[in-house]
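Everything below concerns the one structure shown next.
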Amino acid sequence: MDVIEAAAARLRDAQTQGVPCEPVRTLIGDSDVAAAYEVQRINNALRLAEGGVVVGQKIGLTSLAVQKQLGVDQPDFGLLFADTEVKNGGGVRASEILQPKAEAEIAFVMKHDLTGDITLERAKAAIDYAVGAIEIVGSRVLNWDIRITDTVADNASASHFVLGDVRQDVNELDLAAVKMQLKKNGEVVSEGMGAACMGNPLFALVWLAQTFADLGTPLKAGDIVLSGALGPMCAGEAGDTFVAEIDGFGAVAFSFEG
(Lines give C-alpha, C1' and ligand atoms only; values in the text may rest on other atoms or scores of the structure.)
Protein backbone atom coordinates (compact mmCIF):
# COMPACT_ATOMS: atom_id res chain seq x y z
CA MET A 1 0.00 0.00 0.00
CA ASP A 2 2.91 2.37 0.57
CA VAL A 3 3.83 2.37 -3.13
CA ILE A 4 0.17 2.65 -4.13
CA GLU A 5 -0.30 5.69 -1.88
CA ALA A 6 2.94 7.15 -3.24
CA ALA A 7 1.76 6.66 -6.81
CA ALA A 8 -1.56 8.35 -6.04
CA ALA A 9 0.24 11.28 -4.40
CA ARG A 10 2.59 11.61 -7.39
CA LEU A 11 -0.35 12.00 -9.77
CA ARG A 12 -2.19 14.40 -7.46
CA ASP A 13 0.89 16.58 -7.07
CA ALA A 14 1.34 16.71 -10.84
CA GLN A 15 -2.22 17.94 -11.29
CA THR A 16 -2.06 20.43 -8.41
CA GLN A 17 1.30 21.87 -9.43
CA GLY A 18 0.61 21.77 -13.16
CA VAL A 19 3.84 19.89 -13.81
CA PRO A 20 3.83 16.38 -15.36
CA CYS A 21 5.45 13.66 -13.29
CA GLU A 22 7.54 10.59 -13.88
CA PRO A 23 5.61 7.40 -14.73
CA VAL A 24 3.99 5.72 -11.73
CA ARG A 25 5.06 2.34 -13.09
CA THR A 26 8.38 3.06 -11.42
CA LEU A 27 6.46 2.59 -8.17
CA ILE A 28 3.80 -0.03 -8.92
CA GLY A 29 5.37 -1.86 -11.85
CA ASP A 30 4.22 -2.02 -15.44
CA SER A 31 1.83 -4.98 -15.25
CA ASP A 32 -0.06 -4.83 -11.92
CA VAL A 33 -3.34 -3.47 -13.25
CA ALA A 34 -5.13 -4.16 -9.97
CA ALA A 35 -2.68 -1.89 -8.15
CA ALA A 36 -3.21 0.77 -10.81
CA TYR A 37 -6.97 0.69 -10.33
CA GLU A 38 -6.41 1.05 -6.57
CA VAL A 39 -4.38 4.20 -7.28
CA GLN A 40 -7.24 5.47 -9.43
CA ARG A 41 -9.77 4.61 -6.72
CA ILE A 42 -7.82 6.54 -4.07
CA ASN A 43 -7.64 9.72 -6.10
CA ASN A 44 -11.24 9.51 -7.31
CA ALA A 45 -12.40 8.96 -3.74
CA LEU A 46 -10.61 12.14 -2.72
CA ARG A 47 -12.35 14.04 -5.53
CA LEU A 48 -15.69 12.73 -4.30
CA ALA A 49 -14.86 13.71 -0.73
CA GLU A 50 -14.11 17.23 -1.97
CA GLY A 51 -17.57 17.49 -3.56
CA GLY A 52 -16.95 15.95 -6.97
CA VAL A 53 -19.95 14.37 -8.67
CA VAL A 54 -19.55 11.35 -10.95
CA VAL A 55 -21.74 11.54 -14.07
CA GLY A 56 -20.44 8.55 -15.97
CA GLN A 57 -17.51 6.57 -17.23
CA LYS A 58 -14.99 6.63 -20.05
CA ILE A 59 -13.58 3.64 -21.86
CA GLY A 60 -9.99 3.78 -23.03
CA LEU A 61 -7.66 1.53 -25.01
CA THR A 62 -10.44 0.48 -27.40
CA SER A 63 -8.06 0.45 -30.36
CA LEU A 64 -6.41 -2.91 -31.01
CA ALA A 65 -3.29 -1.11 -32.22
CA VAL A 66 -3.00 0.82 -28.95
CA GLN A 67 -3.67 -2.33 -26.91
CA LYS A 68 -0.79 -4.06 -28.69
CA GLN A 69 1.41 -1.02 -28.12
CA LEU A 70 0.78 -1.17 -24.37
CA GLY A 71 0.85 -4.96 -24.18
CA VAL A 72 -2.75 -5.49 -23.06
CA ASP A 73 -5.71 -7.41 -24.43
CA GLN A 74 -8.60 -5.38 -23.05
CA PRO A 75 -9.71 -1.77 -22.60
CA ASP A 76 -9.56 0.24 -19.40
CA PHE A 77 -11.93 2.67 -17.72
CA GLY A 78 -12.04 5.88 -15.71
CA LEU A 79 -14.69 8.07 -14.12
CA LEU A 80 -16.25 11.24 -15.55
CA PHE A 81 -16.95 14.16 -13.22
CA ALA A 82 -19.66 16.78 -13.66
CA ASP A 83 -17.25 19.72 -13.50
CA THR A 84 -15.30 18.41 -16.50
CA GLU A 85 -18.13 18.69 -19.04
CA VAL A 86 -17.62 21.41 -21.66
CA LYS A 87 -20.74 22.61 -23.47
CA ASN A 88 -20.86 21.99 -27.21
CA GLY A 89 -19.24 25.00 -28.87
CA GLY A 90 -17.77 26.17 -25.57
CA GLY A 91 -14.26 26.43 -24.27
CA VAL A 92 -11.89 25.15 -21.63
CA ARG A 93 -8.64 26.66 -20.44
CA ALA A 94 -5.74 24.71 -21.90
CA SER A 95 -3.83 25.37 -18.67
CA GLU A 96 -6.36 23.25 -16.72
CA ILE A 97 -5.21 20.12 -18.58
CA LEU A 98 -1.76 18.63 -18.58
CA GLN A 99 -0.56 17.78 -22.11
CA PRO A 100 -4.05 17.94 -23.62
CA LYS A 101 -5.23 16.01 -26.65
CA ALA A 102 -8.63 15.59 -28.31
CA GLU A 103 -10.34 12.54 -29.79
CA ALA A 104 -13.76 12.00 -31.33
CA GLU A 105 -16.10 9.24 -30.25
CA ILE A 106 -19.66 8.09 -29.63
CA ALA A 107 -21.21 8.64 -26.19
CA PHE A 108 -24.15 6.77 -24.76
CA VAL A 109 -26.59 8.02 -22.14
CA MET A 110 -28.21 5.20 -20.21
CA LYS A 111 -31.95 4.80 -19.68
CA HIS A 112 -31.82 1.76 -17.37
CA ASP A 113 -29.43 0.14 -14.92
CA LEU A 114 -27.42 -2.82 -16.22
CA THR A 115 -26.86 -5.74 -13.87
CA GLY A 116 -26.23 -9.45 -14.24
CA ASP A 117 -25.08 -10.97 -17.52
CA ILE A 118 -24.84 -8.25 -20.16
CA THR A 119 -25.68 -9.16 -23.74
CA LEU A 120 -25.56 -6.82 -26.72
CA GLU A 121 -29.35 -6.84 -26.85
CA ARG A 122 -29.67 -5.94 -23.16
CA ALA A 123 -27.09 -3.19 -23.49
CA LYS A 124 -28.85 -1.65 -26.50
CA ALA A 125 -32.20 -1.78 -24.71
CA ALA A 126 -30.68 0.04 -21.72
CA ILE A 127 -29.47 3.01 -23.81
CA ASP A 128 -31.58 6.15 -23.85
CA TYR A 129 -29.72 7.72 -26.78
CA ALA A 130 -26.33 8.18 -28.40
CA VAL A 131 -24.55 11.44 -29.26
CA GLY A 132 -21.31 12.43 -30.89
CA ALA A 133 -18.62 13.47 -28.44
CA ILE A 134 -15.11 14.80 -28.08
CA GLU A 135 -13.03 13.54 -25.21
CA ILE A 136 -10.30 15.91 -24.09
CA VAL A 137 -7.68 13.63 -22.61
CA GLY A 138 -4.69 14.64 -20.55
CA SER A 139 -1.77 12.89 -18.94
CA ARG A 140 -0.18 13.69 -15.65
CA VAL A 141 2.75 11.54 -16.86
CA LEU A 142 5.58 13.45 -18.55
CA ASN A 143 5.62 13.26 -22.36
CA TRP A 144 2.74 10.77 -22.38
CA ASP A 145 5.33 8.11 -21.53
CA ILE A 146 2.69 5.62 -20.43
CA ARG A 147 2.14 1.91 -20.09
CA ILE A 148 -1.05 0.24 -18.96
CA THR A 149 -0.48 0.86 -15.24
CA ASP A 150 0.29 4.54 -15.81
CA THR A 151 -2.90 5.31 -17.70
CA VAL A 152 -5.17 3.20 -15.47
CA ALA A 153 -3.78 4.87 -12.36
CA ASP A 154 -4.28 8.26 -14.03
CA ASN A 155 -8.07 7.72 -14.29
CA ALA A 156 -7.55 6.32 -17.81
CA SER A 157 -6.02 9.68 -18.82
CA ALA A 158 -9.43 11.34 -18.47
CA SER A 159 -9.80 15.09 -18.33
CA HIS A 160 -12.82 16.83 -19.95
CA PHE A 161 -15.53 15.95 -22.45
CA VAL A 162 -17.97 17.56 -24.87
CA LEU A 163 -21.33 16.06 -25.87
CA GLY A 164 -23.07 16.82 -29.15
CA ASP A 165 -26.66 17.99 -29.51
CA VAL A 166 -27.98 15.43 -32.02
CA ARG A 167 -29.50 12.47 -30.19
CA GLN A 168 -29.80 9.18 -32.05
CA ASP A 169 -31.58 5.90 -31.43
CA VAL A 170 -28.90 3.20 -31.50
CA ASN A 171 -31.31 0.89 -33.33
CA GLU A 172 -31.46 3.26 -36.28
CA LEU A 173 -27.74 3.53 -37.10
CA ASP A 174 -24.97 1.10 -37.97
CA LEU A 175 -22.50 2.46 -35.44
CA ALA A 176 -19.65 0.35 -36.79
CA ALA A 177 -19.99 2.03 -40.19
CA VAL A 178 -20.26 5.69 -39.16
CA LYS A 179 -17.41 7.85 -40.44
CA MET A 180 -15.64 10.52 -38.40
CA GLN A 181 -13.51 13.54 -39.19
CA LEU A 182 -11.83 15.64 -36.52
CA LYS A 183 -10.68 19.09 -37.57
CA LYS A 184 -8.24 21.34 -35.75
CA ASN A 185 -8.47 24.98 -36.79
CA GLY A 186 -10.29 23.86 -39.94
CA GLU A 187 -7.75 21.22 -40.98
CA VAL A 188 -8.53 17.51 -40.83
CA VAL A 189 -6.19 15.96 -38.25
CA SER A 190 -7.92 12.63 -37.57
CA GLU A 191 -10.23 10.32 -39.47
CA GLY A 192 -11.81 7.03 -38.58
CA MET A 193 -15.02 5.07 -38.20
CA GLY A 194 -17.06 3.25 -35.62
CA ALA A 195 -15.36 -0.07 -36.27
CA ALA A 196 -12.11 1.39 -34.89
CA CYS A 197 -13.67 1.18 -31.42
CA MET A 198 -13.49 -2.56 -30.64
CA GLY A 199 -15.30 -3.31 -33.89
CA ASN A 200 -18.36 -1.35 -32.76
CA PRO A 201 -18.83 1.22 -29.95
CA LEU A 202 -21.63 -0.97 -28.63
CA PHE A 203 -19.13 -3.77 -27.98
CA ALA A 204 -17.15 -1.37 -25.83
CA LEU A 205 -20.30 -0.55 -23.88
CA VAL A 206 -21.01 -4.25 -23.31
CA TRP A 207 -17.47 -4.73 -21.97
CA LEU A 208 -17.80 -1.81 -19.57
CA ALA A 209 -21.30 -2.78 -18.43
CA GLN A 210 -20.18 -6.34 -17.67
CA THR A 211 -17.02 -5.15 -15.92
CA PHE A 212 -18.99 -2.78 -13.69
CA ALA A 213 -21.71 -5.36 -13.03
CA ASP A 214 -19.04 -7.85 -11.93
CA LEU A 215 -17.52 -5.20 -9.65
CA GLY A 216 -20.89 -4.65 -7.99
CA THR A 217 -21.10 -1.05 -9.24
CA PRO A 218 -23.38 -1.44 -12.27
CA LEU A 219 -24.05 1.25 -14.84
CA LYS A 220 -27.01 3.36 -13.77
CA ALA A 221 -29.79 5.18 -15.55
CA GLY A 222 -28.52 8.62 -16.52
CA ASP A 223 -24.87 7.59 -16.73
CA ILE A 224 -22.84 9.02 -19.60
CA VAL A 225 -20.48 6.52 -21.24
CA LEU A 226 -17.71 7.66 -23.57
CA SER A 227 -17.16 4.54 -25.64
CA GLY A 228 -13.69 5.15 -27.09
CA ALA A 229 -11.91 6.94 -29.90
CA LEU A 230 -12.90 6.46 -33.54
CA GLY A 231 -9.52 7.70 -34.77
CA PRO A 232 -6.15 8.99 -33.58
CA MET A 233 -6.03 11.69 -30.90
CA CYS A 234 -4.50 15.08 -31.64
CA ALA A 235 -2.63 17.47 -29.35
CA GLY A 236 -3.95 20.99 -28.80
CA GLU A 237 -3.03 24.23 -27.10
CA ALA A 238 -4.51 27.63 -26.25
CA GLY A 239 -6.17 29.15 -29.31
CA ASP A 240 -6.99 25.86 -31.03
CA THR A 241 -10.55 24.96 -32.03
CA PHE A 242 -11.60 21.37 -32.62
CA VAL A 243 -14.68 20.24 -34.54
CA ALA A 244 -15.72 16.58 -34.82
CA GLU A 245 -18.14 15.56 -37.53
CA ILE A 246 -19.63 12.07 -37.22
CA ASP A 247 -22.17 10.63 -39.67
CA GLY A 248 -25.67 11.13 -38.31
CA PHE A 249 -24.51 13.06 -35.24
CA GLY A 250 -23.81 16.52 -36.60
CA ALA A 251 -20.89 18.56 -35.31
CA VAL A 252 -19.31 18.66 -31.84
CA ALA A 253 -16.92 21.52 -31.11
CA PHE A 254 -14.86 23.23 -28.44
CA SER A 255 -11.92 25.61 -28.14
CA PHE A 256 -8.86 25.69 -25.95
CA GLU A 257 -8.81 29.08 -24.26
CA GLY A 258 -5.74 30.91 -23.02
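The values are calculated or read from the model by the stated rules, or taken from the named source; none is laboratory data. Just so it is clear, the structure is predicted and the values come from calculations on it, not from any experiment. With ideal geometry, Cβ positions are generated from the backbone for all residues, glycine too; neighbour counts draw on all protein chains shown.
One table, with the values for the structure above:
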{"read-out": "Any hit, the range 139-148, residues being within 15 Å of the chain's Cα centre (by Cα), assigned to a strand (DSSP E or B) and closer than 22 Å to A196 by Cβ", "value": "no"}
{"read-out": "Any hit, the range 121-133, residues being in contact (Cβ under 8 Å) with a residue 40 or more places away in the chain, in a helix (DSSP H, G or I) and closer than 30 Å to I42 by Cβ", "value": "yes"}
{"read-out": "Hits in the range 113-157 (condition: farther than 28 Å from F256 by Cα, in contact with a helix residue (DSSP H, G or I) (Cβ under 7 Å, 6 or more places away or on another chain) and not hydrophobic (A, V, I, L, M, F, W, C))", "value": "T115, G116, K124, T149"}
{"read-out": "Any chance F249 is over 20 Å from A94 (Cα atoms) and either crowded, with 18+ Cβ neighbours inside 10 Å or in contact (Cβ under 8 Å) with a residue 12 or more places away in the chain (or both)", "value": "yes"}
{"read-out": "Answer from Q67, Q57, Q74, Q15 - the residue that is at pLDDT below 95, surrounded by 15 or more Cβ atoms within 10 Å (Cβ to Cβ) and in contact with a Leu (Cβ under 9 Å, 6 or more places away or on another chain)", "value": "Q67"}
{"read-out": "Any chance E187 is surrounded by 16 or more Cβ atoms within 10 Å (Cβ to Cβ), modelled with pLDDT of 95 or more and of a type outside the set (F, W, Y)", "value": "no"}
{"read-out": "So D174, is it among the acidic types (D, E), out of contact with any helix residue (DSSP H, G or I) (no Cβ under 6 Å at 6 or more places or on another chain) and assigned to a loop (DSSP other than H, G, I, E, B)", "value": "yes"}
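Table: residues versus (1) among the basic types (K, R); (2) more than 14 Å from the chain's Cα centre (by Cα); (3) surrounded by 17 or more Cβ atoms within 10 Å (Cβ to Cβ).
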{"position": "G90", "(1), (2), (3)": "no, yes, no"}
{"position": "A94", "(1), (2), (3)": "no, yes, yes"}
{"position": "A102", "(1), (2), (3)": "no, no, yes"}
{"position": "D113", "(1), (2), (3)": "no, yes, no"}
{"position": "E121", "(1), (2), (3)": "no, yes, no"}
{"position": "A126", "(1), (2), (3)": "no, yes, yes"}
{"position": "A133", "(1), (2), (3)": "no, no, yes"}
